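Let me begin by presenting the structure, written as structure tokens, before commenting on it.
Derivation of every value follows stated rules applied to the coordinates shown; laboratory data play no part. This structure is a prediction, so every number in the text was calculated from the model and none was measured. Note that we place each Cβ from the backbone using ideal geometry, even for glycine, and neighbour counts take in every protein chain shown.
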Amino acid sequence: MNQKTALITGATSGIGKATAEIFAKNNFRVILCGRRKEKLTHLKLKLGKLTMVTTLQFDVSNRNDVFKAIGSLPKEFRKIDILINNAGNAHGLSTIQDGSIDDWDAMININVKGLLYVSKAIIPKMVENNSGFIVNIGSIAGKEVYPNGNVYCASKHAVNALNKAMRIDLNTYNIRVSAIHPGAVETEFSEVRFKGDKEKAKNVYKGFDALQANDIAEIIYFVISRPAHVNIEDLIVYPTAQASATIINREL
């Protein structure tokens, strides 16, 4: 069987990093994408012992950088079989009337435009090859709206809609499209949302067993490793303690 190539955005931490690790262990070529050069280099050294690895340093919200970086891939990495659209961020947690426009821009630019830019750079080749697999990492925020989540929820609802639209538009090209929508996952997510406030971030996951990045990575691998005639369209994944975006059983 030919070795397949997977490109993963947001690969320097959390779900992206865990996904890169599980793909490397299963003999996929891996393209690690992220903004933090030192973390990319460290992960490449680690995973390079298992498989072929290359890195691309860029910000998904910068259209020119996205196309330039992906266009610079070495020959052996140019046929991308699997795209994991994982890069995303939440900025702030406030009512619509008190929200920061800069935070809104950041979420829309990364979560929506970033996903579109990366997809646009890769999908035409998948269409040409009449094959490919795209996994979009959404959120429970793309399925329901919770207090103070307004623009973040809107951006993830957009990911949910784009996932459906991709599947419709790419149906005739043998390209599978899937989305994973996690609930509470203990990663850097909350620290970014609360702008480095570690105490606030820690409290998000207090009193219950949150999902871990590897839990989602294993599900992503399960989805992409199904037989060619199987496409798992959409998965919502909660920790057992979570019943909805706002209901969590915290047994302190």
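Could you please rank Met126, Met107, placing first whichever residue has the fewest other Cβ atoms within 10 Å of its Cβ?
On the way: Met126 22, Met107 25.
Sorted ascending by nearby Cβ count, the order is Met126, Met107.
Only Cα pairs under 8 Å and at least 6 apart count here; give the relative contact order of the chain as a rounded whole percent. Present the calculation step by step, with values, prior to reporting the outcome.
Values: 466 pairs, mean separation 47.2, N = 252.
Relative contact order of the chain: 19 percent.
Determine the alpha carbon to alpha carbon distance for each of Lys113/Lys200; Lys68/Lys120; Lys37/Lys202; Lys17/Lys68; Lys17/Lys39; Lys79/Lys120 and list only those over 21 Å.
Values: Lys113/Lys200 28 Å; Lys68/Lys120 12 Å; Lys37/Lys202 26 Å; Lys17/Lys68 23 Å; Lys17/Lys39 10 Å; Lys79/Lys120 15 Å.
Beyond 21 Å: Lys113/Lys200; Lys37/Lys202; Lys17/Lys68.
Which net charge results when you count Lys and Arg as +1 and Asp and Glu as -1 among the other residues whose beta-carbon is under 11 Å from that of Arg29? Display every interim value, and only then the final one.
Numbers: positive: Lys4, Arg78, Lys79; negative: Glu76, Asp81.
In short, +1.
On a straight-distance basis, which aspartates and glutamates could pair with Lys25 in a cross-link, Cα separation under 18 angstrom, same-chain partners fewer than 8 positions away excluded?
Partners found: Asp81, Asp215, Glu218.
Looking only at trypsin sites (Lys or Arg not before Pro) in DSSP loops with at most 13 other Cβ atoms within 10 Å, what is the longest site-free stretch of the chain? Spell out each step's value before the answer.
Values: sites that count: Arg36, Lys49, Arg78, Lys195, Lys206, Arg250.
My reading of the result: 79-194 is the longest stretch.
Under 12 Å from the Cα of Lys156, which aspartates and glutamates turn up, not counting those fewer than eight places away in the same chain?
Filter leaves Glu144.
Using helices alone, I'd like the mean residue ellipticity at 222 nm for the chain: each DSSP H run of four-plus residues gives -39500 (n - 2.57), total over residue count, nearest 500.
Helix contribution divided over all residues of the chain: -11500 deg cm²/dmol.
Just to check, using Stokes-Einstein with a Kirkwood Rh over alpha carbon pairs, what's the diffusion coefficient of the chain at 37 °C and 0.692 mPa s in µm²/s?
Values: Rh = 18.4 Å.
Once the numbers are plugged in, D ends up at 178 µm²/s.
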